[in-house]
Structure formats: structure tokens, C-alpha cells
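Just below is one structure, and these are the notes that go with it.
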Amino acid sequence: MKKWTEKDFKYIWHPYTQMKDCQDLPPIFIKKAKGIKIYDENNKMYYDTISSWWCNIHGHNHQMITQAIKKQIKSLDHVLFAGFTHKPAILLAENLLDVAPENLKKVFFSDNGSTAVEAALKMSFQYWQNKGKKEKKLFVCLDHGYHGDTIGAMSVSGDSIFNEPFKPLLFSSIKADSPYCYRCPEKKLKKDCKIECFQSLESIVKKQNKKICGLILEPLLMAAGGMIIYPPDYLIKAAQLTKKYNIHLIVDEIATGFGRTGKMFACDYGNIYPDFLCLSKGITSGVLPLGATLTTNEIYNAFYDDYDKKKTFFHGHTFTANPISCSAAVASLKIFKKENTLKKVQSIIPFFHNQMEKFRNMDFVGDVRYIGMVGAIELVKNKETKEPFDFTERIGYKLYKKGLQEGIILRPLGNIIYLFLPLSISQTDLEYILNKTEKILKNLLKVENI
């Protein structure tokens, strides 16, 4: 298989990868996957502890999904979705609206998370233009938020290494303080917290609501920004604020949707009724690319016009509502019902959270946080001052390399290592993963003597 790795290095440019690192750590050639495990060319097994970038839910090669794909491809592989439709898209839209917040009535399909967000931003902006509110042109976001890598999605994300080189290309947005409990912007301790960090967002909206289209945020879990987990009260207050000042609430559940937080959607923790719900990743259980932007009849009707055809939403993608992807997504939602996935995961979540606590007192562990089947460990140089490791020290990368040797994926977000586990995981496998993670942290930090 060495020849394949050599060809990879010759021809391919990998995402989020300093390609120079591939000389030290070549991409691992994966030849098969089953359940929560993937296997390389030597049959070495790796636990898929980050759900293949947060999208695998039911385990790899689930029979119901593979059968749905095989059945669909025999009849219809793809057809343009402007002026045409098909059964898998209709079924999926119906099924999504059945489990989504009840105010959402329409589904606009795309093909990934960034495009689901782009569609929501453009819909929100054009809605106000169609309604004659020409002054509404701004979006509010959180300073640790992340919504994708396209220009619009980057424009409403926090400043980070992901978008820093592209700042001259981005449109202006207003950034509020994030509810980052470990590094509280208001310098509060958790025990004393009264959600004072909300004042930053509230102040912005109060002053500039007449210019604001909407607020976009990730509910309860800010994933790429550092697996930041925040209280439902903040989300509830944010939703109330948008309603009070007549701006749209755009909820990005690309990472949190489909059971990741223990409920179907993170919105369910606060009975939140957003104007837009952006979905992707787990929608097909990570088998095929697909995105969806759900919205209300009120939004939809602002584009529905007998006379002014310019009110049309002129946006789309070649593979919008691809029938095979839609069939996979319908099958994934069926699995939730057939296997009672959300109820089953409730029995393992308390064990997971309890076991995460054992990392809290380790040297160089500043914070431990978790929600549903997502857990994160933030590493710091000094626990008292919360001083982070410098980027050049690459502590996360070192842990990642060691994890691969031990058969688990601890792909870092800077100084944060995390577990983003498939909902199908057993307690036995979970215990093994956590024990390995503990061993890796203890040994590496000791050896590095940092």
C-alpha cells in the first residue's frame, strides 16, 4: 500500500493539513470501516472517536443505509431540482419537519454545512430587502463561532486561524462575546454565573437592531471554536432577544443536530423556535454529502409573488436534493426510530460524563467539558493562570500522533482534544477509549515534561 500513500502525496492536497507534516506523518490509508471502527491497509484498527468529522452517527456501513442507497441507485441517480422533484426529497423534507421545531415548515436543500449556512444568510438578507427594510444588512455572530469555510460563512464566524488569511474578502459582521465559561469574558466563576456574558450580545442588538438581519449561533456547543459548551439559559435569552427586536435567529445545528447533544436538536433544550435551522453532517449519518436549511412559512412567503419575479431566491447547487443522498438521510431517520437511538444513548451519557471527570485533576488539564456524546479537554501550561500552550509547541498534534499509535483519533483543535462519539457506541468500547485517552495524556505530558 506504500505506493498509494506515495501517489496521495504526489497528487492530493488535504484539508486543514500542513502538507509538510505528511512527510513526518503520512495520511493513513483506510481500506474498510464497520461500526465505530476503521481499518488501515495492515488491518490495524482505529476507533472513530470523532465520528469522521462529526458526521457518523449510527456506525459505518449500517445495513439500512447501504440498502437504501443500493435500492435508490437502481432507479434514479440524479436529476436537477429546479422544475423537477422526486420521492426521496419529498419524504426527507416531510421527515425532517416532523422532528424539527414545529414552526419550521419549508426545507431548502444544498450539499454541505457551509452551503446550508450560506443559504440561510442569503434568505435572511433578501427577506428584509423583499419586505422593503433596505437598511437591514448586518449579521451578528459570536466571537468564537464557526459556521464554515465559504466566504459568507467565514464572515459570520469568529476571528481564527481558519479565516485570518481571508479577512480582506469577508463582509462586515458584528461579533459579540461568546459564553465561554472556562475563559469567561466577564471574569465570573461558574458557581457565580448569572449569564452576565449575555450583556455583550444584548447591548449590540439594542443599539443596532434596525440595521440587523439576524443573529447566527451554534446552540449549546460551539464546535470548531474549541468545543465550547454553554448553558441553555444563554440560548433561551438569545432567542427571546431576537423575537423582541424583530431580527432572525439562525441556528447552526450542523454539528449539534441528530442526537449529538442527547436530544435530536440542541434547540430542544430550550424549546427554541428559530427562523432558520441549518443542517448537514449527521443528516445522512455521514455516508453522503447533503445540506438542508429549514425555515418558516413567513420567510418563504416573502419570496412568493405573482408580480415581482425578482423576489425569487436565485440560489442553488448542482447536487441539490440528490436522490441517493436523500435516500440515505431518510434511512438514517428511520434508524433513530427503529433502534430507539435517543433513548439508548441516554443510558450511556451519564457514564461518559462521569468518566470525563477523571481528567479534571490531571496536570496541564485546565478544563473538562461535555454534553451528550461530546467531550473536550482543554490543555494549559498553567492551571492557575490558564495560560495556554503556544501554537508553536503543537501539544495537540503530539497527542494526536500518540493517539494514532494507540488506535484512537484525538484530532486536536489547538490545545483542545475532544471526543465526538458515534451514538451507536457501546459502554465497553467507550470505557476502552477513555482509558486509552487517560494513558496517553499521562504518559505524553510526563515524557514531554512541559
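Of the residues Ile195, Ile272, only one is assigned to a loop (DSSP other than H, G, I, E, B), farther than 26 Å from Thr293 by Cα, hydrophobic (A, V, I, L, M, F, W, C) and assigned by TED's automatic domain parsing to the domain that holds Asp159; which?
Numbers: Ile272 fails: farther than 26 Å from Thr293 by Cα.
Just one listed residue meets the conditions, Ile195.
Condition check: of a type in the set (D, E, K, R) and touching a Phe, Trp or Tyr at 6+ places or on another chain (Cβ under 6 Å). Does Asp367 satisfy that?
For Asp367, the condition - of a type in the set (D, E, K, R) and touching a Phe, Trp or Tyr at 6+ places or on another chain (Cβ under 6 Å) - is met.
Mind counting the residues in segment 43-71 that are in contact (Cβ under 8 Å) with a residue 12 or more places away in the chain and part of a loop (DSSP other than H, G, I, E, B)?
11
Out of everything in segment 381-402 that is over 18 Å from Gly226 (Cα atoms) and touching a residue at least 40 places away in the same chain (Cβ under 8 Å), what residue ends up being surrounded by the fewest Cβ atoms within 10 Å (Cβ to Cβ)?
Lys401
Mind checking whether some residue in segment 22-43 is among the charged types (D, E, K, R) and farther than 26 Å from Gly282 by Cβ?
Pass one, segment 22-43, residues among the charged types (D, E, K, R): 24, 31-32, 34, 37, 40-41.
Cutting the leftovers down to farther than 26 Å from Gly282 by Cβ gives us 24, 41.
There is at least one residue in segment 22-43 that is among the charged types (D, E, K, R) and farther than 26 Å from Gly282 by Cβ.
Just to be sure I understand, how many residues within segment 214-261 are touching a residue at least 60 places away in the same chain (Cβ under 8 Å) and either under 19 Å from Arg183 (Cβ atoms) or surrounded by fewer than 24 Cβ atoms within 10 Å (Cβ to Cβ) (or both)?
Total meeting the criteria: 13.
Select from segment 24-42 the residues that are surrounded by 13 or more Cβ atoms within 10 Å (Cβ to Cβ) and in contact (Cβ under 8 Å) with a residue 60 or more places away in the chain and list them in ascending order.
Scanning segment 24-42 gives Ile28, Gly35, Ile36.
Suppose we filter segment 350-361 for residues that are surrounded by fewer than 16 Cβ atoms within 10 Å (Cβ to Cβ) and either of a type in the set (Val, Ile, Thr) or touching a residue at least 40 places away in the same chain (Cβ under 8 Å) (or both); how many remain?
2
Filtering segment 132-164 down to residues that are in a helix (DSSP H, G or I) and modelled with pLDDT of 95 or more, which residue is surrounded by the fewest Cβ atoms within 10 Å (Cβ to Cβ)?
Step one: list which residues in segment 132-164 are in a helix (DSSP H, G or I), which gives 151-155, 164.
Those still in the list that are modelled with pLDDT of 95 or more too: 151-155.
On the way: Ile151: 14, Gly152: 22, Ala153: 26, Met154: 24, Ser155: 19.
Across segment 132-164, the extreme among qualifying residues is Ile151.
Only one residue in Arg411, Arg394 is in the same structural domain as Thr17 (by TED's automatic domain parsing) and more than 21 Å from Ile36 (Cβ to Cβ). Which one? Spell out how you get there, then give the answer.
Values: Arg411 fails: more than 21 Å from Ile36 (Cβ to Cβ).
Within the list Arg411, Arg394, the selection yields Arg394.
Could you pull out the residue among Ala331, Ala266, Ala321 that is modelled with pLDDT of 95 or more, aliphatic (A, V, I, L, M) and at positive phi?
Working: Ala331 fails: at positive phi; Ala266 fails: at positive phi.
Every option except Ala321 fails the conditions.
Let me spell it out: the conditions are (1) in a helix (DSSP H, G or I); (2) in contact with a Gly (Cβ under 9 Å, 6 or more places away or on another chain); (3) assigned by TED's automatic domain parsing to the domain that holds Gly262, and His353 meets all of them except one. Which number is the exception?
For His353, the exception is condition (3).
For segment 262-312, which positions are buried (at least 23 other Cβ atoms within 10 Å of the Cβ) and not hydrophobic (A, V, I, L, M, F, W, C)?
Residues satisfying the conditions are Pro274, Asp275, Ser280, Lys281, Gly282, Thr284, Ser285, Gly286, Gly291, Thr293, Thr295.
Just to verify a result, which residue in segment 364-375, among those that are closer than 18 Å to Asn435 by Cβ and in contact (Cβ under 8 Å) with a residue 24 or more places away in the chain, is surrounded by the fewest Cβ atoms within 10 Å (Cβ to Cβ)?
Residues of segment 364-375 that are closer than 18 Å to Asn435 by Cβ, as a first pass: 365, 368, 370, 373, 375.
Next cut, in contact (Cβ under 8 Å) with a residue 24 or more places away in the chain only: 365, 370, 373, 375.
Numbers: Val365: 17, Tyr370: 21, Met373: 24, Gly375: 24.
That would be Val365.
Looking at this structure, is Asn103 assigned by TED's automatic domain parsing to the domain that holds Lys167, surrounded by fewer than 20 Cβ atoms within 10 Å (Cβ to Cβ), polar (S, T, N, Q) and not in a helix (DSSP H, G or I)? Step through it out loud before you land on a result.
On the way: assigned by TED's automatic domain parsing to the domain that holds Lys167: yes; surrounded by fewer than 20 Cβ atoms within 10 Å (Cβ to Cβ): yes; polar (S, T, N, Q): yes; not in a helix (DSSP H, G or I): yes.
For Asn103, the condition - assigned by TED's automatic domain parsing to the domain that holds Lys167, surrounded by fewer than 20 Cβ atoms within 10 Å (Cβ to Cβ), polar (S, T, N, Q) and not in a helix (DSSP H, G or I) - is met.
Which is surrounded by fewer than 19 Cβ atoms within 10 Å (Cβ to Cβ), in a loop (DSSP other than H, G, I, E, B) and assigned by TED's automatic domain parsing to the domain that holds Tyr300, of Leu97, Leu76? Steps first, answer last, please.
Values: Leu97 fails: in a loop (DSSP other than H, G, I, E, B).
Checking each option against the conditions leaves just Leu76.
Quick one: Thr293 ticks every box in (1) assigned to a strand (DSSP E or B); (2) free of Cβ contacts under 8 Å to residues at least 12 places away in the same chain; (3) not basic (Lys, Arg) bar one, so which box is it?
(2)
Which is farther than 24 Å from Phe313 by Cβ and without any contact (Cβ under 8 Å) to a residue 12 or more places away in the chain, of Lys134, Lys190, Lys206?
When all the criteria are applied, what remains is Lys190.
State yes or no: is Thr392 more than 25 Å from the chain's Cα centre (by Cα), modelled with pLDDT of 95 or more and over 30 Å from Leu92 (Cα atoms)?
Values: more than 25 Å from the chain's Cα centre (by Cα): yes; modelled with pLDDT of 95 or more: no; over 30 Å from Leu92 (Cα atoms): yes.
When the stated conditions are applied, Thr392 does not pass them.
Would you be able to say whether some residue in segment 316-335 is in contact (Cβ under 8 Å) with a residue 12 or more places away in the chain, of a type in the set (Lys, Arg) and either assigned by TED's automatic domain parsing to the domain that holds Ile440 or part of a loop (DSSP other than H, G, I, E, B) (or both)?
no
The values are calculated or read from the model by the stated rules, or taken from the named source; none is laboratory data. In this text, all values refer to a predicted model and were calculated from it rather than measured experimentally. Neighbour counts are summed over all protein chains in view; Cβ atoms, including those assigned to glycine, are modelled from backbone coordinates with ideal geometry.
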